[in-house]
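The values are calculated or read from the model by the stated rules, or taken from the named source; none is laboratory data. Everything numeric here is computed off the predicted structure, so don't read it as measured data. All Cβ positions, glycine included, derive from the backbone under ideal geometry; neighbour counts span all protein chains shown. Side chains are part of the model used for accessible areas, which takes the heavy atoms of the whole protein and leaves out ligands, DNA and RNA. Shrake-Rupley method; radii C 1.70, N 1.55, O 1.52, S 1.80 Å.
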Amino acid sequence: MPSAVSDTSAVPAAVSPPVPSSDRGAAGASEPPRAGDGARPAPARPQPAAERVYAHVKQAVLERRYAGGELLTEGELAEAVGVSRTPVREALLRLEVEGLLKLYPKKGALVLPVSAREIVDVVETRMLVEVHAARRAVPLAPSVLAELEELLERQRRLAEEGDLAEVAVTDRCFHATLVRATGNEILARLYDQLRDRQLRMGVAVMHAHPERIAKNIAEHTEILRALRDGDTEAAVAAVQGHVGSVERLLRDEGVR
């Protein structure tokens with residue numbers, strides 16, 4: 001985040017599969033050990049090497065530690081993660097499919113900058129989905145309202161700590177929570193497909209315009225106030241102003 005930026009938002013941690021009954025302690029045990037029996041929980045299974053490389057590179061690209069236009073080599077990545085080159089190749093192929101890298105045989109992987117077209121497409125999709133969500137979500141359920149308030153408070157705290165990557169994640173979560181409040185699961189899944197682009201653009205915007213962080217928080221506060229008051233039109237106007245301001249920054253700045 002041209003390069004791009006989002007406003008708002010890391011890579012989900014892999015979840016270990018459930019441990020089959022045959023792995024629970026002594027052979028033939030019909031039930032897991034009870035608390036207080038002195039049994040130790042089974043150790044977590046190590047993450048596959050290719051998955052570790054994938055998570056490392058993807059996180060670094062989204063947080064702009066690997067900037068658009070940078071060439072990554074298999075040897076450097078293998079050393080950074082502590083694996084052989086084979087899982088590195090597997091991870092890079094996966095990231096190429098996701099549109100974050102372009103592979104060049106015997107040279108390496110180029111981190112693709114965010115294009116001007118991609119910025120326009122992401123912002124346009126966000127505007128359509130989030131404005132619709134603001135209209136549909138009112139009146140907001142108390143549980144959703146509490147979640148938005150918690151996310152806003154977390155964003156303030158992270159901003160004070162200077163953690164831009166987590167600010168971007170929390171920013172994005174704020175908007176995704178509002179979209180989920182519509183109850184439209186298909187729309188929520190569609191919006192989730194923007195996640196990586198939003199995070200990458202959001203971090204880039206915050207690096208290029210640190211003052212934008214306080215502005216984002218103020219605009220989120222305005223959106224939340226309108227939702228709390230049950231004022232649909234005010235919520236729609238606040239969302240339009242917020243997404244529109246991000247669009248102007250992304251258009252004006254070439255961020256890798």
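Rolling a 1.4 Å probe over the protein heavy atoms of region 142-256, with every protein chain left in place, gives an accessible area that is 48 percent carbon and sulfur. Once backbone amide H atoms are built at 1.01 Å from N, Leu101 has Glu96, Leu112 as its partners under 5 Å, excluding neighbours fewer than 5 places away on the same chain. Relative to one another, the C-alpha centroids of region 137-151 and region 63-78 are positioned 39 Å apart.
Would region 175-249 count as rounded, prolate or oblate if I go by the C-alpha gyration tensor, calling it rounded below 1.5 in a/c and otherwise prolate when a/b exceeds b/c, oblate otherwise? In terms of gyration-tensor shape, oblate. Legend: calculated FRET efficiency, Glu160 to Arg225, from the Cβ-Cβ distance at R0 = 22 Å, rounded to 0.05, equals 0.55. Rolling a 1.4 Å probe across the protein heavy atoms gives region 79-237 an accessible surface of 51 Å² per residue. Here Lys58 is the anchor, and the lysines within straight C-alpha reach of less than 16 Å, apart from those fewer than 8 places off in the same chain, are Lys102.
For a straight C-alpha distance cut-off of 19 angstrom, the aspartates and glutamates reachable from Lys106 (same-chain residues fewer than eight places away being disregarded) are Glu70, Glu74, Glu76, Glu79, Glu90, Glu96.
Potential lengthening of the chain between Arg65 and Arg135 amounts to 21.5 nm, from the contour at 0.36 nm per residue minus the alpha-carbon distance.
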